[in-house]
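**Q** Structure incoming, see below.
Derivation of every value follows stated rules applied to the coordinates shown; laboratory data play no part. Keep in mind that what you see is a predicted model, and the values were worked out from it rather than measured. Glycine also receives a Cβ, built like all others from the backbone with ideal geometry; neighbour counts cover every protein chain displayed.
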Amino acid sequence: MKKANKLRALFPTFIGKSNIEVYEDEDASKIVTYINVPENRIEIMWSNWDESSGQWYNDDPEITTLDDAVNEFDKIEFILLIKGIKNIIATKKYLDT
């Protein structure tokens with residue numbers, strides 16, 4: 001089963017801003033900023049370190065489909081995405097009580 005289909009099976013109704021960091025090294029980070037599983041939509045933003053200015057710069061979010069983006073995630077990125085969504089759901093349930 002492809003990763004996007006696994007995501008759909010686990011969270012078929014998930015919609016929301018997420019800000020889940022799925023990748024980071026000393027020069028860049030990859031952040032999932034929004035997910036809409038029912039509409040097959042995901043937004044991913046890259047932040048890049050500029051050595052000359054000593055600052056992080058955010059690229060514009062890339063809006064694409066779950067199939068195009070999530071299926072390209074490596075195993076660690078996919079696990080971090082799943083954990084991030086679970087944390088969002090758990091936090092929302094806690095705050096709603």
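**Q** Which far-off residues, 5 or more places away or on another chain, put their amide H under 5 Å from the one on Tyr23, with H placed in the peptide plane?
**A** Amide H neighbours of Tyr23: Lys30.
**Q** At a threshold of 8 angstrom on Cα-Cα distance, excluding pairs fewer than six apart, so keeping six or more, what relative contact order does the chain reach in percent? Mind dumping the intermediate values first?
**A** Numbers: 151 pairs, mean separation 24.1, N = 97.
Result for the chain is 25 percent.
**Q** Among all the lysines, which ones have a C-alpha under 26 Å from Lys2's C-alpha, if same-chain residues fewer than 8 places away are not counted?
**A** Partners within reach: Lys17, Lys30, Lys75, Lys83, Lys86.
**Q** Restricting to Cα pairs below 8 Å that are 6+ residues apart, what does the relative contact order work out to for region 1-54? Please round to a whole percent.
**A** Rounded, it is 29 percent for region 1-54.
**Q** Something else about it: Can you give me the angle between helix 75-96 and the longest principal axis of the chain, using Cα atoms only, in degrees from 0 to 90, rounded to the nearest 10?
**A** 60 degrees
**Q** Taking springs between alpha-carbon atoms closer than 10 angstrom, which of Ser52, Ser29, Ser18 fluctuates most in the Gaussian network model of the chain?
**A** Checking each option, the largest mean-square fluctuation is seen for Ser52.
**Q** Moving on. Tally Lys and Arg at +1 and Asp and Glu at -1 over the other residues with C-beta under 14 Å from the C-beta of Lys92: what net charge comes out? List each step's numbers first, then the result.
**A** Details: positive: Lys17, Lys86, Lys93; negative: Asp96.
Residues close to Lys92 contribute a combined charge of +2.
**Q** A follow-up question, please. Report, by chain and number, residues whose modeled amide H sits under 5 Å from the one on Asn71, excluding near sequence neighbours (fewer than 5 apart, same chain).
**A** Result for Asn71 returns Ala4.
**Q** Residue by residue through region 29-41, which ³J(HN,Hα) values in whole Hz follow from phi under the Karplus form 6.51 cos²θ - 1.76 cosθ + 1.60 (θ = phi - 60°), with glycine and proline marked x?
**A** Listing the rounded values in order: 9, 10, 10, 7, 9, 7, 9, 9, 5, x, 9, 6, 10 Hz.
**Q** Can I ask one more? In the chain, once you exclude exposed GluC sites (Glu not before Pro) (DSSP loop, at most 11 other Cβ within 10 angstrom), what's the longest stretch remaining? Show your work: numbers first, answer last.
**A** Working: sites that count: Glu26, Glu39, Glu51.
The segment 52-97 is the longest one with no such site.
**Q** Output wanted: per-residue J couplings in Hz (rounded whole) for region 11-23, from phi through Karplus 6.51 cos²θ - 1.76 cosθ + 1.60, θ = phi - 60°, x for Gly and Pro.
**A** Karplus-based 3J(HN,Hα) across region 11-23 equals 9, x, 10, 5, 9, x, 5, 10, 6, 9, 7, 10, 7 Hz.
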